[in-house]
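Okay, structure first, notes after.
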Amino acid sequence: MHEIDRLVAGIAPDAGPGTTPIARELLEEITSVPVPQPRPRRSWLAVPRPRSWAAMPVLATLAALLSFGVAQAPASAALDIELVDDHYVITVKDLLAESEVYQRELRARGLDITLDVVPTSASLAGQIIVINDMDRLLSGKLVPADGPITTIDAPGSCERFAGCPIGVKVPVGFGKKAEITLGRRALPGERYKMPPRIALPGEPLHCVDYVNKSVTKISALLRERGVTPSYIANGKPSAPSAPGDWYVHDGVMSADGQALLLVGSEPSTRPAPPSRC
């Protein structure tokens, strides 16, 4: 399965891993441009935190950690990994560490887990996607949403549509190959690797019925809201313009203040993305 299929499983209209062909077309276009990332240190707890579609019961909260009185990780560690009863409770201390650093610290605990921290919008910062069994997924089998790796929400109330996780909880002795993707707030100039649909809560066209509306109308709405659109059609590279009487089929935010619209000369016959108004 393509990496993008896993990263955006939480925002695809269908449950479970994978994306629609439309989403894949948009997302591969977005992620085709690599952007270097500066390295200031940030805490996972400093960003807004929604939850993903997969394996969502999860970790011990910060208050729970303190109540257990477990030792803190070394200050130089990119991850905070605590042993609580028969689980490792894991949070990210450095959101901008190299991926190899995360893997090294997880391997040191005997965990074959790949952790990717990727740039996204404020609305998806903190989103966690967990795939509990990569070997099963790559063999073409479905991976249950409820798995041994879970996420845990921050204490207190949460008003975010996908929850407010603060980390993951992994059983000691977990022996499968797993992947975890965490969205962090994109730095200036970064393109999103976890791109949200343009109508998700917090995005510019939230509660706007945009599917099969004209390019002219939707583009004007985006510009009024400080967003510059670009367009993709028929599998071709994105372009800064499209015929105004064409139809908008789908759209995602590709970076801060930038949207990528999938457009066509005929209306889309696919069902509109589910509304969260």
For the range 138-153, enumerate the residues that are hydroxyl-bearing (Ser, Thr, Tyr) and in contact (Cβ under 8 Å) with a residue 24 or more places away in the chain.
Thr150, Thr151
Of the residues that make up the range 227-245, is at least one of a type in the set (A, V, I, L, M, F, W, C) and open to solvent by 60 Å² or more (accessible area, probe 1.4 Å)?
no
Residue under evaluation Gly189, criteria (1) under 21 Å from Ser121 (Cα atoms); (2) at pLDDT 95 or above, criterion not met:
(2)
Name the single residue, out of those in the range 246-277 being open to solvent by 60 Å² or more (accessible area, probe 1.4 Å) and in contact with a Pro (Cβ under 7 Å, 6 or more places away or on another chain), that is nearest to Arg184 (Cα to Cα).
Arg276
Given the conditions (1) at pLDDT 95 or above; (2) open to solvent by 40 Å² or more (accessible area, probe 1.4 Å), and given that Gly202 satisfies all but one, which numbered condition is not satisfied?
(1)
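The values are calculated or read from the model by the stated rules, or taken from the named source; none is laboratory data. Remember, predicted model here, so these are calculated numbers, not experimental data. Methodologically, a virtual Cβ is constructed for each residue, glycine included, from the backbone with ideal geometry; neighbour enumeration extends over all protein chains shown. These accessible areas exclude ligands, DNA and RNA; they are computed on the full protein's heavy atoms, side chains included. Shrake-Rupley method; radii C 1.70, N 1.55, O 1.52, S 1.80 Å.
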